[in-house]
Amino acid sequence: MAGLARVTPGTDLGEVVEILERDGAVIIENFVDDATLEGLRNDLAPALKGANHCETGYDGHRTRRVNSLFARTRHLTPVVTQPLYLGAARAVMQKPVHMWVGKSRIEITPTIQISATQAIQIDPGQGKQPLHRDDWLHLRRHPGPTSRVQLMLSLTDFTAENGATLVIPGSHHWDDETPPKYSDSFPSAMPAGSALIWLGGVYHSGGANTTDEPRLSLTVSYDLGNLRQEENQYLAVPKETVLELPEEVRRLLGYDSCPPGLGWYEMQDPHMVLEYDDLEQARAAADRHGSSRLN
Ligand SMILES: O=C(O)CCC(=O)C(=O)O
Ligand SMILES: [Fe+2]
């Protein structure tokens, strides 16, 4: 394998899906226009400036992460609706499943949903992140159906030296016994405004930044729509009512996180945020409980 496949925004969706099914990853240059790129950089700059470096080695002690991106910018819509990304996510995950209901054999096609949104600034001095599969969150067994299609948009140029995401092409076909090695990975070198799309079962990691400039990006993920509760408890139960319930029931209603890292709000345990109603207090309380980070 000679590196990561590259296509243009004009490429046929079928070809992109074929590459994703085969390699698990693809790079699309000129993924967003200059106005979107500029708008994203401007909208995210204040939050990134105010963000501390992360607390864990996995997230990166020289890496800043900012979440809740739809609340911070209006420029995400062209990213999540870009036809090749949304189209590929739909094609890969919205596969009908059949079942019997009484005497009828029916087919159901799942939805997809936006899962995580995060700006990632890898500062100079950050080392390589451990190689991992993002669908570890879903505790998937491999190889198997895809439950996540992830996107990394470069907001600065990505180079092998400044921390371009490292990807092991084809690793979504591997089982769960094979350990990933950096020597099998390729850097997703690409100009600002490009996108790396990869499947949840593909081993990848943030790269090391050995330059003296930050590497800036944002990532969004589409997950299978059935990875959720049946009744929407967040809409069904007013927050004041939730606060009157015992902690165990609040957690059972969904104000909880599932290891290794589903359900967070600003990378914190949602129960702590509910309890303290203030992110900083929640962080401090979580630190006292030794549970400030979910991964
Ligand atoms: O920053 C990157 O290039 C990759 C980050 C990543 O894979 C993650 O945090 O899960
Ligand atoms: Fe990842």
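The values are calculated or read from the model by the stated rules, or taken from the named source; none is laboratory data. This is a predicted model, so every value here is computed, not measured. Cβ: placed from backbone, ideal geometry, glycine included. Neighbour counts: every protein chain shown.
Here is how the numbers come out for the structure above:
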quantity	calculated
Complete set of residues in region 227-240 that are assigned to a loop (DSSP other than H, G, I, E, B) and exposed (fewer than 14 other Cβ atoms within 10 Å of the Cβ)	Arg228, Gln229, Glu230, Glu231, Asn232, Pro238
Test result for Pro179, farther than 29 Å from Thr111 by Cα, more than 16 Å from ligand 1 (Cβ to nearest atom) and at pLDDT 95 or above	yes
Qualifying positions in region 91-112 - in contact (Cβ under 8 Å) with a residue 12 or more places away in the chain, out of contact with any Pro (no Cβ under 9 Å at 6 or more places or on another chain) and in a loop (DSSP other than H, G, I, E, B)	Thr111
Qualifying positions in region 189-232 - of a type in the set (S, T, N, Q) and away from ligand 1 (no atom under 11 Å from the Cβ)	Ser194, Thr210, Thr211, Asn226, Gln229, Asn232
Enumeration of residues in region 69-86 that are more than 15 Å from Leu216 (Cα to Cα) and surrounded by 12 or more Cβ atoms within 10 Å (Cβ to Cβ)	Phe70, Arg72, Thr73, His75, Leu76, Pro78, Val79, Val80, Gln82, Leu84, Tyr85, Leu86
Selected residue [part of a loop (DSSP other than H, G, I, E, B) and either buried (at least 19 other Cβ atoms within 10 Å of the Cβ) or not assigned by TED's automatic domain parsing to the domain that holds Pro46 (or both)] from Ala119, Ala164, Ala160	Ala164
Residue within region 130-137 that is away from ligand 2 (no atom under 13 Å from the Cβ) and either in a loop (DSSP other than H, G, I, E, B) or modelled with pLDDT of 95 or more (or both) present	no
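Condition check ((1) under 23 Å from the mean Cα position of the chain (by Cα); (2) at negative phi; (3) away from ligand 2 (no atom under 16 Å from the Cβ)) across all residues:
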site	(1), (2), (3)
Gly193	yes, no, yes
Val202	yes, yes, no
Leu218	yes, yes, no
Glu244	no, yes, yes
Leu252	no, yes, yes
Met267	yes, no, no
His271	yes, yes, yes
